[in-house]
1. Which ones in region 276-292 are part of a loop (DSSP other than H, G, I, E, B) and buried (at least 24 other Cβ atoms within 10 Å of the Cβ)?
2. If you go through region 20-75 one residue at a time, how many are crowded, with 17+ Cβ neighbours inside 10 Å, more than 28 Å from residue 143 (Cβ to Cβ) and over 26 Å from the mean Cα position of the chain (by Cα)?
3. Looking only at region 422-438, filter to residues that are within 14 Å of the ligand (Cβ to nearest atom) and touching a residue at least 24 places away in the same chain (Cβ under 8 Å); which one of those is nearest to residue 462 (Cα to Cα)?
4. Scan region 293-307 for residues that are in contact with a helix residue (DSSP H, G or I) (Cβ under 7 Å, 6 or more places away or on another chain) and either on the phi > 0 side of the Ramachandran plot or buried (at least 24 other Cβ atoms within 10 Å of the Cβ) (or both) and jot them down.
5. Among the strands (runs of 3 or more DSSP E) contained in region 79-132, which hold 2 or more residues that are buried (at least 22 other Cβ atoms within 10 Å of the Cβ), within 28 Å of the chain's Cα centre (by Cα) and at pLDDT 95 or above?
6. Mind listing whichever residues of region 191-218 are surrounded by fewer than 22 Cβ atoms within 10 Å (Cβ to Cβ) and not in a loop (DSSP other than H, G, I, E, B)?
7. For region 480-499, enumerate the residues that are away from the ligand (no atom under 12 Å from the Cβ), more than 13 Å from residue 455 (Cβ to Cβ) and touching a helix residue (DSSP H, G or I) at 6+ places or on another chain (Cβ under 9 Å).
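The values are calculated or read from the model by the stated rules, or taken from the named source; none is laboratory data. Values in this document were obtained by computation on a predicted structure and should not be read as measured data. Note: ideal-geometry Cβ built from the backbone for every residue, glycine included; neighbour counts use all protein chains shown.
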Ligand code: ACM
């Protein structure tokens, strides 16, 4: 044996003994509170049994068995009660008092996987961790024989940091089917979200059957279907078919609520009022302050933000706070919602109310005189206060976007802070319950990378920015902050693949911000776990954005006339290869090391990221004219 091969043998021995000691721990998202790795592994095979120590956990055991069966083909039998202590490989589920809400303890050794929680919800969250300990093929919808089905020996103690961990899904701007909503819920469950905020009405469509108001879905659920850049479409012609849309029947709503509930996810409905109500007005025009012609918006310009001025609307899209029949309408709607949704809160919107038509309304003028309302904020507050009473009479608590703070707010109402955190901070100071959902961190409708590759929307929130989401700002009373959520508006989301692409991986960053201890959060530790989960998403057939591999571009002009461009990546260790000559760069092209001087006659900068000789990012094609435009816009 030569010296060299001896060294190699020692190294191999060291590596393999290390492997026996502790197999590499699979990536867990959100990161648990405490993980202790042990020696060995638990091998799952067709002889493994699931043992349920409490009948409360039958549904969780069944769900776990089904997930495992789908991916492994093993039909694991479920034993109940006493039969849980026999010999052989077992996954044991039990209830243990004294653990925190939704918390669980998971221990894996060679013979046994033991999962206990204080409640079925805790055990369910633990099963999601258990599944993440298995190879990525467990995500597959069809049985796979390739992997060794084993879990590393480990002891995990876990509990959520916040009780409200939500995602909002807008089904108004684009409609998503029952199956698509269920799939969204399935993906949420994997990352321990516990709340689906369902945005069911807006200017572009009313999506829930209200039996006392049938025209809401006969008329309000349908619009002209258009494709392109939403918000910039030509107004539909009178003869264009209004055949795009859809709605959920009450039976379907119950089905979705039950589906979510089985995954320990609550569903909060939102009906947005008094603004964003054009679909309702198309159905019931008498709810507007003044007569007019109202049609469901198809993506033509509606709201405008004049520079420095207040928001204004091209057509009136508000329910009229001065009309009694509006409150009767709201009572009908919220009373049916209260029957359908067991969750304690309902959301009434309250955001972005344009007041330009109120300014022309005699009814509003009379209301202001009668109620001594000094301005339109007070008019909105009057509306919100009356709505709160209607919702309370239905046995529910009311939540609204942070605009409901303007003009004063009744103390029973809860606030969802979206225009940054400031509304939430103020609301908490005033004693309201708060959910943090700041647009600059967790608006999933915004682009994840540069507009030259993304479906263009008005802003960008990269993954690294979302990962900085901290729902509890310094100095805010923690008892007031229920938690946080990310919002997926769907103006520019036309199909389920894009819905997934916009959600992942950013929702992983949101999940970790809401579940994991703040002290554990570290971007450098998060990125490799996200990359491991990319493979899990692929196995699950779920689309995700690879934008974290793409560079950002910063144009500058060092000396007059010399355009410079600076590239940066949010992930360390990538090499950016580029060209200015129109050809497609690969791993042999020059590597970016410092700001580039753009050659005088160049038309395009093309850039692609590599790591270890493999392309990772997308081919970024940046027109030089676009760099100049951005420089001029600065
Ligand atoms: C919102 O994004 N208008 C709540």
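1. Once the filter is applied, which keeps residues that are part of a loop (DSSP other than H, G, I, E, B) and buried (at least 24 other Cβ atoms within 10 Å of the Cβ), region 276-292 yields 276, 277, 288.
2. 2
3. Taking the candidates together, the pick is 438.
4. Answer for region 293-307, where residues must be in contact with a helix residue (DSSP H, G or I) (Cβ under 7 Å, 6 or more places away or on another chain) and either on the phi > 0 side of the Ramachandran plot or buried (at least 24 other Cβ atoms within 10 Å of the Cβ) (or both): 296, 297.
5. Working: elements: 90-95, 104-108, 112-117.
Strands (runs of 3 or more DSSP E) meeting the threshold: 104-108, 112-117.
6. Across region 191-218, the qualifying residues are 215, 218.
7. 480, 481, 483, 484, 496, listed by residue number.
Per-residue answers, yes or no, for (1) crowded, with 23+ Cβ neighbours inside 10 Å; (2) closer than 21 Å to residue 419 by Cβ; (3) at pLDDT below 95:
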{"position": "491", "(1), (2), (3)": "no, yes, no"}
{"position": "497", "(1), (2), (3)": "no, no, no"}
{"position": "502", "(1), (2), (3)": "yes, yes, no"}
{"position": "512", "(1), (2), (3)": "yes, no, no"}
{"position": "527", "(1), (2), (3)": "no, no, no"}
{"position": "531", "(1), (2), (3)": "no, no, no"}
{"position": "543", "(1), (2), (3)": "no, no, no"}
